[in-house]
Amino acid sequence: MAVNRPKPLVAGNWKMNGLKAAAKELALLVKAVAGAKSKPRCDIMICPPATILSLCAETARGSGIKLGGQDCHTEISGAHTGDISAEMLKNAGARACIVGHSERRTDHGESNSEVKRKAEAAHRAGLMAIVCLGETAAERSLGKTIKIVGQQLKASLPEGADHKNCVIAYEPVWAIGTGKTPTVADIAKVHGYIRKRLIALLGDETGMKIKILYGGSVKASNAKELMGISNVNGALVGGASLKAKDFLGIIAAY
Ligand code: 13P
């Protein structure tokens, strides 16, 4: 398959990390991007905890750095104690929302159909959905990676998905926070398969344009190699997005 290069996206998922003081790291990122000799060659996003989304939106205002939520409820509003709607995230300054992260699938038992409804809720609110997929270590050892990723993609992809409202993130569960990454050949195989399925499901044009991010132990030292793989259109970064210096090292891979 031809090498496909939509403008890359490097997104930081802060997960359940960050009190108000963490906005200082975002301020450092804003300063570094503004002070750089040339514009970054990728789009940059930070997905902080919802409690500091508004503060981060203020901090990033005018910088071009976009913000995202980490999860949303399927409904607009109502009796859902502790939950947050996509509309609330949008109102707080988000432009996107991660859905179906493996930590949500594991900790909260989220199914593919729920992930799909969450992605559709994100669209209803005008947010881009970052739909996460990935196999567990057990599934991988049974040789089921492609099968699992294919099933998750088909069943989690929202109606009306296109390159403006949807990004796919392939995050092998066993690579998250472990320092382990798949081989270049393995990532190329899975991303190539996701691309092929996107084309089959959404047609040539849309299927080619949707970004496919890789996530799982991305850091400055491996970013260049990982981001150079065919059909890898950016990264979803956990631990290495918490400090501006580390995250800037990944952005510099472009
Ligand atoms: P790490 O980069 O910490 O492995 O986390 C990846 C991830 O889960 C991003 O969503």
In region 61-76, the residues that are open to solvent by 60 Å² or more (accessible area, probe 1.4 Å) and either charged (D, E, K, R) or touching a Cys at 6+ places or on another chain (Cβ under 8 Å) (or both): ARG61, GLU75
Residues within region 197-254 that are surrounded by 23 or more Cβ atoms within 10 Å (Cβ to Cβ) and of a type in the set (Ser, Thr, Tyr), tallied: 2
Of all residues in region 82-122 being part of a loop (DSSP other than H, G, I, E, B) and out of contact with any strand residue (DSSP E or B) (no Cβ under 8 Å at 6 or more places or on another chain), the one that is least open to solvent (accessible area, probe 1.4 Å): GLU110
Some residue of region 193-216 being within 15 Å of the ligand (Cβ to nearest atom) and either of a type in the set (Phe, Trp, Tyr) or out of contact with any strand residue (DSSP E or B) (no Cβ under 7 Å at 6 or more places or on another chain) (or both): yes
Members of region 123-141 that are more than 21 Å from SER77 (Cα to Cα) and either of a type outside the set (D, E, K, R) or open to solvent by 10 Å² or more (accessible area, probe 1.4 Å) (or both): ILE130, VAL131, CYS132, LEU133, GLY134, THR136, ALA137, ALA138, GLU139, ARG140, SER141
Residue count, region 177-192 (criterion: among the charged types (D, E, K, R) and more than 14 Å from the ligand (Cβ to nearest atom)): 2
Selection status of PRO8, open to solvent by less than 40 Å² (accessible area, probe 1.4 Å), within 15 Å of ILE251 (Cα to Cα) and touching a Cys at 6+ places or on another chain (Cβ under 7 Å): yes
Subset of region 99-121 that is of a type in the set (Ser, Thr, Tyr) and within 16 Å of the ligand (Cβ to nearest atom) - its residue that is nearest to LEU213 (Cα to Cα): SER102
Any helices (runs of 4 or more DSSP H) falling wholly within region 147-254 and containing at least 2 residues that are under 26 Å from ALA36 (Cβ atoms): 220-227, 244-251
In region 25-41, the residues that are surrounded by fewer than 11 Cβ atoms within 10 Å (Cβ to Cβ) and among the charged types (D, E, K, R): LYS37, LYS39
Matching entry among ALA137, ALA96, ALA125 (being within 16 Å of the ligand (Cβ to nearest atom), of a type in the set (Gly, Ala, Ser) and over 17 Å from the mean Cα position of the chain (by Cα)): ALA137
Residues satisfying the stated conditions in region 153-176, i.e. more than 13 Å from the ligand (Cβ to nearest atom), buried (at least 24 other Cβ atoms within 10 Å of the Cβ) and more than 14 Å from GLY207 (Cα to Cα): SER156
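The values are calculated or read from the model by the stated rules, or taken from the named source; none is laboratory data. Just so it is clear, the model here is predicted, and its values are computed rather than measured. Positions of Cβ are generated from backbone atoms using ideal geometry, with glycine treated the same way; all protein chains shown enter the neighbour counts. Surface areas here come from the heavy atoms of the whole protein model, side chains and all, with no ligands, DNA or RNA. Shrake-Rupley method; radii C 1.70, N 1.55, O 1.52, S 1.80 Å.
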